[in-house]
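Read through the structure below, which is laid out as structure tokens, and then see the notes.
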Amino acid sequence: MLEAARRQSFQSYERFWKDLAKERPNAFTSDGALHQVGGVGHPWQDPVEVDCVKYADDDYHNHPMEKAWFDLVRSRDAPPNEWPDFEEQWEARSAFTARERVTHFARADSWQLVLQIESDSEVGPWTLEGCLYVCIRKSDLAERRFDRCWTISQCT
């Protein structure tokens, strides 16, 4: 049952990329990697504009809730499922993450993709599988302030 679900998921994924290759024949290399200047990114995970809001605008890793969670994880010797208060801590962090995610999505339209480079043999082996995205705030783009771009990396 699980194997059939995986096969169907892979076929859907493969169909998506084949359809995209038909729509944009000049965007793909001979290896099938997608590179583009501008436009809308094709992310491997969350939309890259959301990641830009999360890390560039909000400095997410320095948020007190995130820092507290990772300090807690680093301070424990046992795996999380053996902590007496794991469920409570995890639920608090999950609620925080869900609230933040909504605000990140709401503000993502203030960012614009500038460049997308997917890993392939023609570009060079900078990673096994993944994509680099260069994004800029739309206000900075209007002022041509490319020194304010952010680079986001996503991979499997």
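The values are calculated or read from the model by the stated rules, or taken from the named source; none is laboratory data. For clarity, every value in this text was computed on a predicted model and none was experimentally measured. No Cβ is skipped: glycine too gets one built from the backbone with ideal geometry, and neighbour counts run over all protein chains shown.
Brief remarks follow.
- Contact map, region 82-111: residues that are free of Cβ contacts under 8 Å to residues at least 12 places away in the same chain paired with residues that are outside any helix (DSSP H, G or I), Cβ distance under 8 Å, separation 6+ or inter-chain. Pairs shown: Trp83/Arg76.
- Output for region 31-62, where each listed residue is of a type outside the set (Val, Ile, Thr), surrounded by 18 or more Cβ atoms within 10 Å (Cβ to Cβ) and either closer than 19 Å to Ile117 by Cβ or touching a Lys or Arg at 6+ places or on another chain (Cβ under 7 Å) (or both): Ala33, Leu34, Gln36, Gly41, His42, Pro47, Glu49, Asp51, Cys52
- Some residue of region 65-84 being touching a strand residue (DSSP E or B) at 6+ places or on another chain (Cβ under 6 Å), under 30 Å from Tyr133 (Cα atoms) and in the same structural domain as Cys131 (by TED's automatic domain parsing): no
- Test result for Tyr55, under 25 Å from Glu129 (Cβ atoms), in a helix (DSSP H, G or I), aromatic (Phe, Trp, Tyr) and modelled with pLDDT of 75 or more: yes
- Taking the criterion of being assigned to a strand (DSSP E or B), at negative phi and modelled with pLDDT under 85, the residues of region 98-130 that qualify are Ile117, Glu118, Asp120.
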